[in-house]
Every structure is written in structure tokens, then in C-alpha cells.
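The values are calculated or read from the model by the stated rules, or taken from the named source; none is laboratory data. Since the structure is predicted, the reported quantities are computational estimates derived from the model, not experimental observations. Cβ sites come from the backbone with ideal geometry, for glycine too, and all protein chains shown count toward neighbours.
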Amino acid sequence: MMGRETQAAAGHSAGFDEMHHAGACRAPYEIIRDWLEGLPPDFLLRKHAEAELLFRRIGVTFTVYSEGGDLERTIPFDIIPRVLDADEWAFLERGLRQRVRALNAFLVDIYNGREILRAGRIPQAPILLNASFRPEMQNFTPVHGAYTHVAGIDIVRLGPREFYVLEDNCRVPSGVSYMLENREAMTRLFPGLLGHHRVAPISHYPEELLDTLRSVAPPHCPGDPTVALLTPGIFNSAYYEHSFLADEMGIELVEGADLFIDDNIVFVRTTEGPRRVDVLYRRVDDDFLDPLTFRSDSTLGVPGLFGAYRAGNVTLANAVGTSIADDKSIYPYVPEMVRFYLGEEPLLANVPTFDCGRAEDFSYVLSHLEDLVVKEARGSGGYGMLVGPQASAAERETFAARLRARPGDYIAQPTLALSTCPTYVESGIAPRHVDLRPFVLVGKKIHIVPGGLTRVALREGSLVVNSSQGGGTKDTWVLETRC
Amino acid sequence: MRLRVHHETNYSYDSPVVATYQMLRLTPRAHDGQRVISWRVQTTHGHDLPSFIDGFGNIVHCHALNRRHKEAKILAIGEVETFAGDGIVRGAAEPMPPLFFLRNTALTMPDRAVETFAREVAGQLPPLAALHALMGTIRARIAYRTGVTDAATTAAEVLEKGCGVCQDHSHLFIAAARVLGIPARYVGGYFWPAADAEPYNAAHAWAEAFIDDLGWVSFDSTNGVCPTESHIRASVGLDYLGAAPVRGVRLGGASETLSVTVMVASIDQ
Amino acid sequence: MLSRTAESLFWLTRYIERAENVARILTVGHRTATIAHSLGNLGNEWESTLRAAGCEDGFFERFEAATSATVIAYMVFDADNPSSIYSCLEAARRNGRAVRTALTVDMWEALNQTWQQLRTLDQTSTLEHSLIDFLDWVKERSLFFNGAYTNTMLRNDAFFFTRLGTFLERADNTARLLDVKYHILLPRDEEVGGALDYYQWQAILRSVSALRSYHWIYHDRLKPWLIAELLLLRPEMPRSLRASLEQIARHLDLLADAYGGRRGECHRLAGEMYARLRFGRIEDIFPAGLHEFLGAFLTQTAQLSNEINVFYLK
């Protein structure tokens, strides 16, 4: 459910362990060590079962699509938190702000003057011929130049100071409800534990999100802006999150059919008659937003919505066309964006990426499949990928055939030794690979709630953290103290 | 030449429609080959329609009718002065770079047959000559016939059928040009067939292709000419869907009866 | 609030109420069938049961005869029967899920737990070994949900629509239940006839949890005339038509007040229906025909539902 695959992969599963390093417990994890040591036997087993019940009872589910009908599942929640100290977070936060500023500057530019193409810093074709580049957005700049009102930047860690961006999720990143529910669950399950340590709070995220959305209301909207969350409906895999966020923000959760356009203004049908809407936090993809502009067969959207948007009568968050910024074929150029727009060196590094559409990269990829992770440039959910070191020769051969048929659809990255964190599994506590998705809010200002969603690959040695592929989540603690 | 256009679209329904929403690309803008003297777009039910300029530089009117109706009308009326030229479009709003127009859509996606067709017609010819050859061949091979294709017919289907209308000629031309690596786009507009010719009761469509040293050059494969002062250019896009004079949806209502009247008259004295 | 939200709340409680009523009707059916059997009378209890639940048409499209096995299976777990307990609870949760932000946590948890338990149930074993326990469970879950919403929702428009769903469905169901037995209703002052009739009437009263209430109010032996009065006209009887319509009229008024006095046909119709029950007399209704009265009432209830839909929910 959590958008696109996050997979870095390691040939050798022994990555950097965030708790045990160089024969000692790292400082941020001392509180975890002390806590675990003091627990009675079976305590974790009991709490683990309690946690599962709790999530099922609250109804935190996502939907897995399969032939046997759609199933509602809960994502496994691991009860051992992941910990970052204040310094580590401060560095990450600076890096995230920088990256997201650059991404938004890129979007403003690419839909207006395209200076970065003129300057030759990014080739034209990967942008202009990319289906994610939306000509409909040309010469239109959203309020405050904010496109990625919510960005989920996937971070992997390879060492004490080594953080890499695996991918930028700029269109409709999901998962923040799990971040919030995980903390809530920790507070309920272990009231003492959180009470004894200075962990940065995150429960104000919905308020920050609402502030962000209000800050980008059309400048001439009458009175207090009305914000609503547009969902594709209850059959969407992230519907739980949509309803959760709407509820937490105290705004209406609307579907396309609840809205209509009159005189280029968006209205919602209410029991008291039509009411104007100024900002739509939409969790519907561009393609489905408006059958008059995008896919004609869409029934999830609102006919005429895009006209109201271009007229400046409604703000859509995230903006239309942001997906060009998180397209995997554009990812390799993000560090260049930081340099070009901000005149700074990027703080967060990219994972080296091979673009199979380029002949020299392609031949390298073909001859090194056993060392690489190959993914679809526009796939989602971790289905269309090859984890070279873990694949059989036959699987690699099959994948190579697909690759040869459409090389431009794929990118490849070296296998990375993702960091591990202590995780509660059947055999007890064991290290498992993790990544991190912090959520960056972009409105009039940029705001980041400390931490993010930690996803964990529960199977031993596995590097795939996607919930659809057996991944779980953890609470992520940012300590307010330095270690 | 001064041309007067009266373009009327009437919809009627067997049972009432709850609501109608439309985007109208019916408004010519000035370039070196045409000057808009007057133009208005209106619907029977509404006041002035709100509008915006889209990513291709088209003027788009937004029409929303949120009450039950059994009939709806769209009227575009105006006068445009056109100038004879060499078929090259100069001085038009050009927000998108030419390279963009190499992008294909569902309507222009070539199949093997279209690719072969394009390469065989072009041979070793330089771009401009190749495009003229394409236009000539399409005119010769794709007979003008109404009622055999519709708004969803693709370029590949047109080649296979061997007949169609101006929209189909244009899609095939665009698809073939893109096969040759030449940026091409769809143009919607109006056509005056000459005083003594049969009136042409339809909105017209043709194509433009980009040649490095010349810029955008127009090709009307239906008439086998590079557009002249008989053509009024109203919208551009990657294909018909992007440049369509009317793109709409309606809620409710059973079968629809559509009638379109286009009158283009020369008012030069 | 969103029209769609109001619509979902309205249907959410309608489905919950319907599930409960189907459970009540099946309990009666089961009881009367058992008694009839013990009295050596093989009657058509199961057909009556289908009729009371308003699903005889759908049933006979698929089955030849109404036997206890076919009717119970059809009305309990059959996912193709939109009025089965299973379908009702599924539809209730679906409506609830669609408007989760409008539900209180307690409402959602009551709804979700019910569904989670229902869908993991061993259906065959339940039908064979623990039907009555299961029907009691359905009633309990409905009472639990109604308690959750009554005690946790803000008293605003969302609550009013939720209430409307409960009472509109309840009025419909009570009328149906009574209508099934109209043919065994006896003239004024007559006591219930044979043993079978007696037990049937007793079962009906039980099905609406009103056997004790009857004795409390009338201090008399079971008389059809009085039973009809109790279920149609008595204000103190919470499942009577009058009590239901009073609630409907009241909540429509509250909605009108909340929305600045806007009123429509649904308000007029509810007022008219309520007045007829409030000022009606059983001695006038009986001679004119109870069946006719109930038939007209059911038609008006459907019309009222439609008017509410047009005025608020679309």
C-alpha cells in the first residue's frame, strides 16, 4: 500500500546495525537495551499479541488485491522502536529540507521557463517525452510555488553517518497514518517507556498538515478556507489513512461524486445545499482527477475540476504534475537540481543509478544482474523488480528478456547493505533491515515532524520492506537529546 | 480574407440529463496568418463562460450546467481576417518546445503498419519533402468518407480501413511524422472551401509538423494543401482529444441526438 | 454535512435495525414452528417468516418450498439475499466504513468487531448447533451498537440522520410483523382461540420484547385487539409504529431547525403519518381492515424514505 517499492538490497545481509556496532551498544539505543534487559520472560510475546489485537480493533487496515477478492490486512507492527538521536535527525532534516526545496524549484521551472533544460543540466527528452510530465500544467504555478505539499522521501542508512535517498515520493505518498498509530500503540502498550525518555512528539502532524493546506488556499478565497480530503473511496488500499487523516484534521472526506463544479468553482454536496471548497488534499492520482482533462473513463474524479484549478479557484495538494519529480528516470538528476536551483552541494546522497535507457548503462546492467537491483522506472508495489543477488539464474534470465524488450522502462541500482534494527520475531529478538520515510510538508513554509515511518523487512535477510511483500513497521523515535 | 464563422452545436436527449460539463476549445487566437476581429462563445443556458489558457496556448471555456435539461446548445460566432502565406505558422503562442510533440498518445500510437507506411513514403527524402509526400499519399490512399470512423479511431485503424475524415487523416499524418522523428501536432479549426464549392458543414482539422530551419509547417491532408487563408486555426494538441472543440461528460439522460452546423462565409467585398 | 455521509449514516442504522429484526423474526419462526410441531399442526410458519422479513419474492425465485432449513439458511448467511443477517451486517459495515470520520470510535469498534466475528464464524456449525445463540448474539450486537451511537454521538445533524434510519426501519419492520398475523386477528374482546394461536401471539410479543410490557399495560389475557393497539398506537411501546413515527417526525424537525428552517415534503408526510397514529383509534382501524391499514402504512413509509432521500441525501 505504501506507494512504490523501496528496495535497496544487499548481497551480504550484514549491514550496519543501528543498535550493536563495533562490539558495543550505540548510545541512542542504550535505553532500548536497558528496557529489554529488564523485561520478564514472555512479556514481549504478550505485548506482541496485544499490539496485533489493538491494530485490528482500531481497524488499521490496508487492502491487498488478489484474485480471491480484496483482503483487508493489518500491517505487522514491531514493538521495538527504532531510535535516532538529535544530531542524526538534525542532519537528516537539513538534508530533507534542501532536497524538497530543490524538487519544488524544479517543478516550478519545468512547467514554466525550463531553465534547467536550457542550461543543459538535464537532457530534454527524459522530461518532455515522459508521461509524468503534464503539459496541462505549463505556465501555471500553484500558490507559493508549492507542488509537493506532502513529500515522502525514502531514506536508507548504510553506516553511522551515511544516509542515502532511495526515492522521492512526490505524488501521493502514504503511510503517515501508520507513523501516528505506531506511536499511539507504543504509548498504550508501554506507557512507562515513553514517559521516561525525551522522545520528540509527532501527534501534531495532522495540525501541521492542515496548516500547510490552509496556507496554500487560493489567495482570493472568501473567508476561512474550506479544506477537504478527496479519496478514491473505500476500495482504495489506503482508504484507512484517508479517513484517519480527515478525521484528525476535522475536515470532510469526500469522493468525486460529492463534488461538482459550477462557474469554475468547486462545491461539495451537503445536506444543507452546496458549499464551496478551497483546498483539496487529494489522494486520487492525476490521471483520474478530471475526465474532461485526463482519462476520459475516470469516475473517481470531478468533471471540470482542472478548469477550476487553472482558474486559481481551488488548490490541489499535491499539485498536478508532481510525478515528473519522483519518476525513477529523473531521480538520478535530483542532486543536480540541488546544485542548479540552490547553489548548494546536496547533503543527502543518491544511490548510484543506472538508466537502462542509456546504452552504456544498459550493457553494464545486463552483465552485472547478479549484483544489482533492477526496478521499473514507473512501477509500484515492489512487484516488477529483480533483486539480483537473491534471484535464481533462471529468474535473472527471464527478467533479462523483459529488460531487453523495453530497456527504457527500467533502472538499476547496486545492492546496498541496508542498516538493521533489533526486531521482535519468532525466534526472539534479531536484526532486520529497515528504511525510513519521513514526511515533509510544503506550504508557505516547510515543516517536518521528527522521525517518519520506519519500515522493516521481517523475513531474515530480506531487503524488501513493502507492506505488500511481507514488510512491517516500527515506531520511530527521535530523541530530543544528543548522545 | 475576412471569414465569418457560425458554429452551432445542439444536443437533445430522450430523458432529462442531470448535469453537463464541457471544456470548449473553440476560440482562435492571433498569429501572423490570422487576426481575430471578433469572437464569442456562448451557451443557451449560461452567462459568460469562465475560461483559461491551457498548456498548449489554447483558450479553453469551461461550461457547467447543473440543472436538469433535455437540450443544450453551444454557439461559437466570430470574424477572423486571414492572410495568405507559405503554410508556416509564425507568431503563435508556443508554450511547449517542439521536442514535446514527438510524444505519442493512444490515438496516434503507431503499429508496425504505420511505421512501414511512414518509412516507405519518406524513403531518403529530406524532412520537408517527406512531409509533403506523406500528405499526398494520405490524401490518395485514405478516401474521405464520413460515418466509418469515430472520435476514438486510432491512426493505425485509419491506415487499415483506408478511409475516414479530416480527424483521421490528421492522426495518420501525425503518427507517421513522429515515426520519422519529426515533431507533429493536431490542429482544430475552420475551413472555407471557396465560394463556388460545396459548403463544408463541419469543424475542420489538420496537422502541423516542426522542421528545424522553418518552424511549424501546416499540412491539410484532407485537402492536400498546406493551409492557406481559407483556414482558421483554433486549437492545437497532441491529438484530437487534446485539441477537441468540445470535450464533455453528462450525468444521466438516455440517448443523445447531436447536430452540428458550421457555416464559414467570406465577407470580402 | 456531506449528503453522502448522511446517506451512509441513514443506511447504516437501517441495516443494523434490519439485521436485528430478521433475528427477531427468525426467533419467532423457530419458536412457533417448534410449538406447531409439538401440537401436531404442520402450518406455514416459515412462509410467514419470509413474508415478515419482506423477502418471500427473492426466496421463491430460488427455492421450491419454505422449509426450516432453506429459510434459515437463506435469511441468516446467504450473501445473495440482501436482507439476510449476513448481508445486512456487511452492508452496515460498508456504509460505516465509507463514513468512518462521521462515526465515533465506539460506534466503529462495535460495528467492526461485529463484522470481524461474523465473517470468521463457522456457518455450518452455527446453523446446526447454535442458531438461537447466534440470533441472540445478533440482537445483542444491534443493541450494543445502538447504545454506542446513542451514548457517544454529538447531538447534531449526523445523529439525527442516524436516528431516522433506526426508526424508519423499525416502523417498517413492526408493521410487517403485525401484518403477517392479521389473518388470525380476532374480533373485539375475543380471547385468543386455540393453543396454537395463543402461542403465535405470544411469540410475536416476545419478538418485539413486549410480552411483559403487554401485561404491564393491560393487566389482561392476550387479546389480538389489544396486541394490535400496543404495536400500532401506544406511545410507551418503543417499537410501536406511533413511537417510531414520533421519533421520525421529531428528528426531521430537529434537522429543519438545524438547517435554518428549511422544510420539504418529507416533513409534511412524517407529520401526517404521525398524526394519524397519534389520534387514531384501534376501534376505527379494525373495522376498516388492519391489513389495508398496514399496507397503506408500508407504502407511505417507503414514500417517506424516498422524500428524505430527495430532500437531504442527493
Could you give me the residue pairs with C-beta distances under 6 Å whose first residue belongs to the stretch C:294-314 and is within 14 Å of chain A (Cβ to nearest Cβ), whose second residue is crowded, with 16+ Cβ neighbours inside 10 Å and among the hydroxyl-bearing types (Ser, Thr, Tyr) wherever it lies, and which are 6+ apart or on separate chains?
C:TYR312/A:THR271; C:LEU313/C:SER3
Can you give me the number of residues within the stretch C:238-254 that are modelled with pLDDT under 95 and of a type in the set (Lys, Arg)?
1
Is at least one residue of the stretch B:225-240 surrounded by fewer than 21 Cβ atoms within 10 Å (Cβ to Cβ) and either of a type in the set (S, T, N, Q) or within 14 Å of chain A (Cβ to nearest Cβ) (or both)?
yes
Would you call A:ALA325 assigned to a helix (DSSP H, G or I) and modelled with pLDDT of 95 or more?
yes
Identify, from the list B:ALA177, B:ALA265, B:ALA202, B:ALA254, the residue that is touching a strand residue (DSSP E or B) at 6+ places or on another chain (Cβ under 9 Å) and at pLDDT 95 or above.
B:ALA177
Is it the case that the stretch A:157-174 has a residue that's among the small types (Gly, Ala, Ser), within 14 Å of chain B (Cβ to nearest Cβ) and over 27 Å from A:TYR309 (Cα atoms)?
no
Residue list for the stretch A:131-156, restricted to those being on the phi > 0 side of the Ramachandran plot and within 14 Å of chain B (Cβ to nearest Cβ)
A:ASN139
Being surrounded by fewer than 22 Cβ atoms within 10 Å (Cβ to Cβ), within 9 Å of chain A (Cβ to nearest Cβ) and basic (Lys, Arg) is the filter here, so list the residues in the stretch C:94-123 that pass it.
C:ARG94
Please return the ranges of helices (runs of 4 or more DSSP H) entirely within the stretch A:154-230 where 3 or more residues are more than 29 Å from A:LEU348 (Cβ to Cβ) and at pLDDT below 90.
A:191-195
Report those strands (runs of 3 or more DSSP E) wholly inside the stretch B:147-262 carrying at least 1 residues which are outside the structural domain of B:PHE100 (by TED's automatic domain parsing), of a type outside the set (Lys, Arg) and in contact (Cβ under 8 Å) with a residue 12 or more places away in the chain.
B:246-252
What number of residues within the stretch A:83-106 satisfy the criterion of being buried (at least 18 other Cβ atoms within 10 Å of the Cβ) and small (Gly, Ala, Ser)?
3
Residue list for the stretch C:63-78, filter: under 20 Å from the mean Cα position of the chain (by Cα) and not charged (D, E, K, R):
C:VAL71, C:ILE72, C:ALA73, C:TYR74, C:MET75, C:VAL76, C:PHE77
Of the residues A:ARG459, A:ARG455, A:ARG406, which is in contact (Cβ under 8 Å) with a residue 60 or more places away in the chain and of a type in the set (Lys, Arg)?
A:ARG455
Run A:ASN139 past the list (1) at pLDDT below 95; (2) part of a loop (DSSP other than H, G, I, E, B) and report the number of the one that doesn't hold.
(1)
Between A:PHE306, A:PHE260, which is closer than 20 Å to A:ARG214 by Cα and not in a loop (DSSP other than H, G, I, E, B)?
A:PHE306
Strands (runs of 3 or more DSSP E) completely within the stretch A:421-470 that count 3 or more residues being touching a strand residue (DSSP E or B) at 6+ places or on another chain (Cβ under 8 Å) and surrounded by 23 or more Cβ atoms within 10 Å (Cβ to Cβ)
A:428-437, A:439-442, A:453-457
Just for strands (runs of 3 or more DSSP E) wholly inside the stretch B:1-95: which have at least 1 residues that are surrounded by fewer than 19 Cβ atoms within 10 Å (Cβ to Cβ) and not acidic (Asp, Glu)?
B:2-27, B:34-43, B:51-53, B:69-82
Single unsatisfied condition, C:ARG62 versus (1) more than 14 Å from chain A (Cβ to nearest Cβ); (2) surrounded by 21 or more Cβ atoms within 10 Å (Cβ to Cβ)
(2)
Evaluate the following for C:ALA79: is it surrounded by fewer than 22 Cβ atoms within 10 Å (Cβ to Cβ), free of Cβ contacts under 8 Å to residues at least 40 places away in the same chain, within 14 Å of chain A (Cβ to nearest Cβ) and hydrophobic (A, V, I, L, M, F, W, C)?
yes
Which number in (1) in contact with a helix residue (DSSP H, G or I) (Cβ under 8 Å, 6 or more places away or on another chain); (2) of a type outside the set (Phe, Trp, Tyr); (3) without any contact (Cβ under 8 Å) to a residue 12 or more places away in the chain marks the one condition that A:GLU248 misses?
(3)
The residue from B:LEU65, B:LEU131, B:LEU75 that alone is on the phi < 0 side of the Ramachandran plot, aliphatic (A, V, I, L, M) and in contact with a helix residue (DSSP H, G or I) (Cβ under 7 Å, 6 or more places away or on another chain) is B:LEU131
Sort through A:GLY381, A:GLY388, A:GLY343, A:GLY304 and tell me the only one that's at pLDDT below 90 and on the phi > 0 side of the Ramachandran plot.
A:GLY381
Kindly indicate whether any position in the stretch A:267-277 is facing another protein chain (nearest Cβ under 10 Å) and buried (at least 24 other Cβ atoms within 10 Å of the Cβ).
no
Out of the residues in the stretch A:263-291 that are in a helix (DSSP H, G or I) and touching a residue at least 12 places away in the same chain (Cβ under 8 Å), which is nearest to the chain's Cα centre (by Cα)?
A:ASP286
Return the residue satisfying two criteria in turn: it lies in the stretch A:221-242 and is more than 10 Å from chain C (Cβ to nearest Cβ) and free of Cβ contacts under 8 Å to residues at least 24 places away in the same chain, and of such residues it is surrounded by the most Cβ atoms within 10 Å (Cβ to Cβ).
A:ASP224
Is it the case that the stretch A:315-323 has a residue that's surrounded by 23 or more Cβ atoms within 10 Å (Cβ to Cβ), more than 30 Å from C:GLY264 (Cα to Cα), more than 12 Å from chain B (Cβ to nearest Cβ) and β-branched (Val, Ile, Thr)?
yes
Can you tell me which residues in the stretch B:207-224 are under 16 Å from B:VAL179 (Cβ atoms) and either buried (at least 23 other Cβ atoms within 10 Å of the Cβ) or within 14 Å of another protein chain (Cβ to nearest Cβ) (or both)?
B:ALA207, B:ALA209, B:PHE210, B:PHE219, B:SER221
For residues that are within 14 Å of chain B (Cβ to nearest Cβ) and acidic (Asp, Glu), tally how many sit in the stretch A:244-266.
3
Counting only residues that are within 8 Å of chain B (Cβ to nearest Cβ) and assigned to a loop (DSSP other than H, G, I, E, B), how many does the stretch A:114-130 have?
3
